[in-house]
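Take a look at the structure set out below.
The values are calculated or read from the model by the stated rules, or taken from the named source; none is laboratory data. Worth saying up front: this structure is predicted, and the values here are computed from it rather than measured. With ideal geometry, Cβ positions are generated from the backbone for all residues, glycine too; neighbour counts draw on all protein chains shown. Accessible surface is based on the protein model in full, side chains and every heavy atom, while ligands, DNA and RNA are left aside. Shrake-Rupley method; radii C 1.70, N 1.55, O 1.52, S 1.80 Å.
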Amino acid sequence: MELAAEDRDAITDLISMHGHLIDAGELDRLEELFTADVVYDVTDFGQAPLRGVAAIKQAALALGEANPVAHHVTNIVLTPATGDLVHARSKGIGVNADGTCGSAMYEDTIVRGPQGWRITHRTVLARRKPLGA
């Protein structure tokens, strides 16, 4: 199954918008990215999975000044699953206020609903060792 160019563009924009909204502190706009029942899995960072948009917002606020000042996403790869379901993998680079940075991988399940494409499940995996080790 092939993904239409319009859908591919919309999903790529959706994934890219995450960093813009988070970095700008526009946490009241997270419903533009996620379904209401999203699971945001951050267990690789020692935290329990976050369930729902409100939980993501609360976690960002609780992290406060420890949040990265910049979230950059790159290397987006989309794999259609069904007409209204797409799997996405992308790389994330987080830049901290002290200039240090870290790398992560996002594994997303994205669904098309009444408001368009939204992330329904995101797993964030820290990249801590080179060459996939």
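Residues that are crowded, with 17+ Cβ neighbours inside 10 Å, among the basic types (Lys, Arg) and out of contact with any Lys or Arg (no Cβ under 6 Å at 6 or more places or on another chain) occur at least once in segment 105-119.
Only one of these is modelled with pLDDT under 95, small (Gly, Ala, Ser) and over 30 Å from Leu3 (Cα atoms): Ala66, Ala24. Name it.
Only one candidate qualifies: Ala66.
Flag: Val77 matches the condition of being open to solvent by 60 Å² or more (accessible area, probe 1.4 Å) and in contact with a Lys or Arg (Cβ under 7 Å, 6 or more places away or on another chain). Taken over segment 120-133, the residue count meeting the criterion of being open to solvent by 40 Å² or more (accessible area, probe 1.4 Å) and farther than 18 Å from Asp13 by Cα is 8.
Would segment 7-23 turn up any residue that is of a type outside the set (Asp, Glu) and outside any helix (DSSP H, G or I)?
No, because not a single residue in segment 7-23 is of a type outside the set (Asp, Glu) and outside any helix (DSSP H, G or I).
Of the set (1) farther than 17 Å from Gly19 by Cβ; (2) touching a residue at least 60 places away in the same chain (Cβ under 8 Å); (3) touching a strand residue (DSSP E or B) at 6+ places or on another chain (Cβ under 9 Å); (4) not hydroxyl-bearing (Ser, Thr, Tyr), all apply to Arg118 but (1). The single condition from (1) hydrophobic (A, V, I, L, M, F, W, C); (2) farther than 20 Å from Glu26 by Cβ; (3) without any contact (Cβ under 8 Å) to a residue 60 or more places away in the chain; (4) assigned to a strand (DSSP E or B) that Leu125 fails is (3).
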